[in-house]
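Report on one structure; see the data block that follows.
The values are calculated or read from the model by the stated rules, or taken from the named source; none is laboratory data. Note that this is a predicted model, so its numbers are computed, not measured. Using ideal geometry, Cβ is built from the backbone for each residue, glycine included, and neighbour counts are taken over all protein chains shown. What goes into the accessible areas is simple: the full protein's heavy atoms, side chains included, and nothing from ligands, DNA or RNA. Shrake-Rupley method; radii C 1.70, N 1.55, O 1.52, S 1.80 Å.
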Amino acid sequence: AQTVTQSQPEMSVQEAETVTLSCTYDTSESDYYLFWYKQPPSRQMILVIRQEAYKQQNATENRFSVNFQKAAKSFSLKISDSQLGDAAMYFCAYSPRTSGTYKYIFGTGTRLKVLA
Amino acid sequence: EAGVAQSPRYKIIEKRQSVAFWCNPISGHATLYWYQQILGQGPKLLIQFQNNGVVDDSQLPKDRFSAERLKGVDSTLKIQPAKLEDSAVYLCASSLELHTDTQYFGPGTRLTVL
């Protein structure tokens with residue numbers, strides 16, 4: 001079965017510091033995408049960053065970057081220079097390309113607290 | 001560009017009552033998804049539409065849940081009758097087409113069943 005595991009239910013980081021959120025997944029597929037979504041209290045899921053499995057280069061979006069280790073099936077999110085607005089639930093999602101379509105499998109989430 | 005719209009934002013009902021949720025995807029997006037997010041868990045896919053056809057409804061509890069997307073744009077998800085365990089946030093998402101990997105989410109509807 002394809003599963004996504006986020007082993008950190010909650011993390012805290014001091015404002016302006018760096019934090020890393022962990023995600024591992026289980027799959028036998030070779031063609032897939034990985035995502036990190038942010039869900040603030042407003043409940044709107046916001047795309048943070050996206051990684052294509054066939055690309056070895058780690059994705060980066062401003063203060064957000066990933067460490068994608070395909071062999072280890074690991075996909076961690078690093079947030080640099082943390083800001084108060086980064087406080088939210090963060091979900092890791094795996095999306096295999098099955099029959100030409102994409103479906104998301106989400107982890108259970110990590111709640112990030114940013115301390116002033 | 002307008003995002004995915006959902007209504008209502010909140011709904012409280014008694015068990016065994018019926019409820020319906022509405023979703024309007026991003027203009028031009030052919031693929032639409034409904035997810036159920038139970039408190040403390042990640043979203044779980046209920047149903048996936050491509051235009052007005054169902055692509056995958058394998059995780060939809062069809063004895064009480066139904067969904068439609070008659071004109072290939074707006075969609076309605078219905079629960080009839082509701083159970084206590086249906087209390088959750090129902091998220092709608094859309095993507096440009098079936099073969100597009102990135103989904104865009106609406107704000108969700110929080111359902112409480114008493």
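Which of the strands (runs of 3 or more DSSP E) contained wholly in region B:15-58 include at least 1 residues that are more than 12 Å from the chain's Cα centre (by Cα) and small (Gly, Ala, Ser)? Spell out the reasoning first.
On the way: elements: B:19-24, B:31-37, B:44-50, B:53-56.
Fully inside region B:15-58 and qualifying: B:53-56.
Please indicate, with yes or no, whether at least one residue in region B:3-14 is surrounded by 13 or more Cβ atoms within 10 Å (Cβ to Cβ) and free of Cβ contacts under 8 Å to residues at least 60 places away in the same chain.
No, region B:3-14 contains no residue that is surrounded by 13 or more Cβ atoms within 10 Å (Cβ to Cβ) and free of Cβ contacts under 8 Å to residues at least 60 places away in the same chain.
Just to verify a result, which residue in region A:52-79, among those that are within 14 Å of chain B (Cβ to nearest Cβ) and charged (D, E, K, R), is surrounded by the fewest Cβ atoms within 10 Å (Cβ to Cβ)? Steps first, please.
Applying the first criterion (within 14 Å of chain B (Cβ to nearest Cβ)) to region A:52-79 yields A:52-55, A:59, A:61.
Within this subset, residues satisfying the condition of being charged (D, E, K, R) are A:52, A:55, A:61.
Numbers: A:52: 14, A:55: 10, A:61: 12.
By that ranking, first place goes to A:55.
Have a look at A:114, A:19 and point out the one that is more than 14 Å from the chain's Cα centre (by Cα), over 17 Å from residue B:101 (Cα atoms) and among the β-branched types (Val, Ile, Thr). So that I can check it myself, show each step before the final result.
Details: A:19 fails: more than 14 Å from the chain's Cα centre (by Cα).
That would be A:114, the only listed residue that is more than 14 Å from the chain's Cα centre (by Cα), over 17 Å from residue B:101 (Cα atoms) and among the β-branched types (Val, Ile, Thr).
Filter region B:30-56 down to the residues that are farther than 29 Å from residue A:6 by Cα and open to solvent by 20 Å² or more (accessible area, probe 1.4 Å) and list them by number. Write out each step before concluding.
Our first condition is that a residue be farther than 29 Å from residue A:6 by Cα; within region B:30-56, this holds for B:30, B:50-54.
Of everything in region B:30-56, those that are farther than 29 Å from residue A:6 by Cα and open to solvent by 20 Å² or more (accessible area, probe 1.4 Å) turn out to be B:50, B:51, B:52, B:53, B:54.
Could you please find all residues in region B:17-33 being within 12 Å of another protein chain (Cβ to nearest Cβ) and of a type outside the set (Ser, Thr, Tyr)? So that I can check it myself, show each step before the final result.
Kept after step one, since they are within 12 Å of another protein chain (Cβ to nearest Cβ), are these residues of region B:17-33: B:30-31, B:33.
Residue satisfying the conditions is B:30 alone.
Filter region A:56-79 down to the residues that are assigned to a strand (DSSP E or B) and more than 11 Å from the chain's Cα centre (by Cα), then identify the one that is nearest to residue A:25 (Cα to Cα). Before the answer, list the steps.
In the first step, residues of region A:56-79 are kept if they are assigned to a strand (DSSP E or B); the result is A:60-61, A:64-69, A:74-79.
From what is left, the residues that are more than 11 Å from the chain's Cα centre (by Cα) are A:60-61, A:69.
On the way: A:60: 20, A:61: 22, A:69: 11 Å.
Out of the qualifying residues, it is A:69.
So in region B:75-95, with the set limited to residues that are open to solvent by 60 Å² or more (accessible area, probe 1.4 Å) and either under 15 Å from residue B:107 (Cα atoms) or outside any strand (DSSP E or B) (or both), which one is nearest to the other protein chains (Cβ to nearest Cβ)?
Quick first cut of region B:75-95, residues open to solvent by 60 Å² or more (accessible area, probe 1.4 Å) only: B:78, B:80, B:83-85.
Filter once more, keeping what is either under 15 Å from residue B:107 (Cα atoms) or outside any strand (DSSP E or B) (or both): B:80, B:83-85.
On the way: B:80: 24, B:83: 22, B:84: 21, B:85: 18 Å.
That would be B:85.
I need the full set of residues from region A:33-45 which are surrounded by fewer than 18 Cβ atoms within 10 Å (Cβ to Cβ) and within 8 Å of another protein chain (Cβ to nearest Cβ), in order please.
Restricting attention to region A:33-45, the residues satisfying the condition of being surrounded by fewer than 18 Cβ atoms within 10 Å (Cβ to Cβ) are A:40-42.
Correct list: A:42 only.
Please count how many residues of region B:63-92 are closer than 24 Å to residue A:39 by Cα and either among the charged types (D, E, K, R) or at pLDDT below 95 (or both). Before the answer, list the steps.
Looking only at region B:63-92, we keep the residues that are closer than 24 Å to residue A:39 by Cα, and these are B:74-77, B:85-92.
Next, only the ones that are either among the charged types (D, E, K, R) or at pLDDT below 95 (or both) stay: B:74, B:85-86.
Matching residues across region B:63-92 total 3.
All but one of (1) part of a strand (DSSP E or B); (2) polar (S, T, N, Q); (3) open to solvent by less than 50 Å² (accessible area, probe 1.4 Å) hold for residue A:82; state the number of the condition that does not hold.
The one condition residue A:82 does not meet is (1).
Take the residues of region A:5-32 that are of a type in the set (Gly, Ala, Ser) and part of a loop (DSSP other than H, G, I, E, B): which is surrounded by the fewest Cβ atoms within 10 Å (Cβ to Cβ)? Full working, then the answer.
Filtering region A:5-32 down to residues of a type in the set (Gly, Ala, Ser) leaves A:7, A:12, A:16, A:22, A:28, A:30.
From what's left, part of a loop (DSSP other than H, G, I, E, B): A:7, A:16, A:22, A:28, A:30.
Values: A:7: 11, A:16: 11, A:22: 17, A:28: 6, A:30: 10.
Ranking the candidates gives A:28 first.
Can you pull out the residues in region A:85-116 that are closer than 18 Å to residue A:31 by Cβ, open to solvent by 20 Å² or more (accessible area, probe 1.4 Å) and assigned to a loop (DSSP other than H, G, I, E, B)?
A:99, A:103
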